[in-house]
Amino acid sequence: MFRSNGYLFSAWHILPGFLMLALLVAAAPPTAGAERPKIRTITAFIRLDATQYRQQVAETLTMLRAAKVEFEKFGYEVQTIRIATQPFGEYTRGMSSPDALAFFHDLDSLAKQENVLVSIGPAMISEKDDSQEAQLLTQILASSSNLNGSIVVADEKGVQWPAVRAAAGVMKYLENHTDHSLGNFRFAAIANVAPYTPFFPAAYHQGLGNQFAVALQSANVVAAIMAVGGDPETIKQALIAELGMHAQTIEDAANKIDTETGWTYMGLDLSPAPLKEVSIGSATAGYSGGRFGTSGTLTAAATITSALRDITVKKTGFSGLMMPVLEDTRLAQLWSEGALSMDQLLAYSAVCGTGLDTIPLPGDVTEQQLARIIGDVASLSAKLSKPLTARLLPVANAKPGDHTTFDDPNLVNTVLQPLP
């Protein structure tokens, strides 16, 4: 590697594509100084019983903490451990609303005490469900800090329009009834999201429990490969080789945990989740040569997602490019400058990741406008039969041009833009 006239050159730039791939595949496991992904979360799926939930949570945390140690032995830092349940209506059936709220208050207190996040699953999951569960979910999320929830707005049958409207109502309520309007960070409208997705707030299951899944935080690995450059196929094969090596190691560790604990391993979500300065917005710019959003961005997104789909490990969840505006420093900056829009992000979602994620909105957005935004996500998901979500964060009493003041270490504050 050498520098000339201000440009950095590497042997990768002059190696034929097939030779570069061969070297990547034959490479030894990365050293301590090499780019290595983190594990964003280990998520355990339990069939919660409201009469013995404390014992269930304790047993689950024993497994999760042991799993965290095991992954760390394999060289992977674990950021969080999480618990997801079946749809909460199944274990609150027969409870009055006050009793249900009291139960979730206790569950939230336990989650805070144990430093674990809990997803209580969707309030509405089929077209037969009414909005009463959604109304209960608003109260649960407004009065908690470690609980997450969702509403299913599209499935294999198409868009569920009553659920779309209910999700908009939840978002508007949480905007006005939670500190800094932050309750919406723990809520999403989800479309065609299958069970056993480890990422929150979309996580839920409908099985027997005693299962777990793993999610990656690998934007740094993607950035390193994108920075090398090359045509899309060369980049794709390099991503398959590098991320595939890590995925196989993580799967080996997960299978060991499965065997030793009796908890069934459900798969790995390979989505290269960013976190603030570890930016997927900056990573894709390595391919396009310009900022995120310029020509070539959609190709970069499609290339990354195609590579993830071709990695031969047991997969679950999204396994596609994620573009959470407020969790990515570069994307938040572009949003502040008005250089990034919801329409762009939705267009990129057609070939990759999670839809509209952590999108800041002015407080005067109406419930009807929120429903139209959610409906666009649901319609795209139904058309393409792919998992997408809408996690929208309207800010009470804030207008375009105001700077957000979200009080959360995982979020980057930005400037609000006018609604299109």
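What to note about this one:
- Scanning segment 80-106 for residues that are of a type in the set (S, T, N, Q) and closer than 16 Å to P201 by Cβ gives T80, T85, Q86.
- Output for segment 159-215, where each listed residue is of a type in the set (D, E, K, R) and closer than 18 Å to D130 by Cα: R165
- Screening M323 with (1) closer than 26 Å to I125 by Cβ; (2) in contact (Cβ under 8 Å) with a residue 24 or more places away in the chain; (3) not in a loop (DSSP other than H, G, I, E, B) gives one miss only, at (3).
- Test for G121: is it at pLDDT below 95 and not in a helix (DSSP H, G or I): no
- Hey, I240 surrounded by 23 or more Cβ atoms within 10 Å (Cβ to Cβ), touching a residue at least 12 places away in the same chain (Cβ under 8 Å) and in a helix (DSSP H, G or I) or not: no
- Those helices (runs of 4 or more DSSP H) lying entirely in segment 14-95 with at least 3 residues surrounded by fewer than 18 Cβ atoms within 10 Å (Cβ to Cβ), modelled with pLDDT of 80 or more and not β-branched (V, I, T): 53-73
- Qualifying positions in segment 278-302 - in contact (Cβ under 8 Å) with a residue 24 or more places away in the chain and either under 11 Å from C352 (Cβ atoms) or surrounded by fewer than 17 Cβ atoms within 10 Å (Cβ to Cβ) (or both): I280, T284, T297, L298, T299, A300, A301, A302
- Enumeration of residues in segment 384-406 that are closer than 17 Å to T305 by Cβ and either among the acidic types (D, E) or in a helix (DSSP H, G or I) (or both): L384
- Test: residue in segment 243-260 that is among the small types (G, A, S), in contact with a helix residue (DSSP H, G or I) (Cβ under 6 Å, 6 or more places away or on another chain) and at pLDDT 95 or above: yes
- Verdict on T305 being free of Cβ contacts under 8 Å to residues at least 60 places away in the same chain and assigned to a helix (DSSP H, G or I): yes
- Matching entry among S126, S109 (being among the hydroxyl-bearing types (S, T, Y) and either buried (at least 21 other Cβ atoms within 10 Å of the Cβ) or within 15 Å of S144 (Cβ to Cβ) (or both)): S109
- Cβ-Cβ contacts under 6 Å between residues 6 or more apart (or on different chains), taken from a first residue in segment 400-420 that is under 16 Å from D357 (Cα atoms) to a second residue that is of a type in the set (F, W, Y), are listed as N413/F406; T414/W335.
- Looking only at residues in segment 263-314 that are charged (D, E, K, R) and closer than 17 Å to A241 by Cβ, the one that is farthest from the chain's Cα centre (by Cα) is D310.
- Qualifying residue in segment 183-197 (condition: on the phi > 0 side of the Ramachandran plot and over 18 Å from the mean Cα position of the chain (by Cα)): no
- Scanning segment 361-372 finds one or more residues that are surrounded by 24 or more Cβ atoms within 10 Å (Cβ to Cβ) and either small (G, A, S) or assigned to a strand (DSSP E or B) (or both).
Residue-by-condition table, conditions (1) farther than 19 Å from P198 by Cα; (2) in contact (Cβ under 8 Å) with a residue 12 or more places away in the chain; (3) charged (D, E, K, R); (4) touching a strand residue (DSSP E or B) at 6+ places or on another chain (Cβ under 7 Å):
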position	(1), (2), (3), (4)
F103	yes, yes, no, no
Q139	yes, yes, no, no
G149	no, yes, no, yes
Q160	yes, yes, no, yes
A168	yes, yes, no, no
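The values are calculated or read from the model by the stated rules, or taken from the named source; none is laboratory data. Predicted model only: the values in this text are computed from it and were never measured. When we count neighbours, we look across all protein chains shown, and the Cβ atoms used for this are built from the backbone with ideal geometry, even at glycine.
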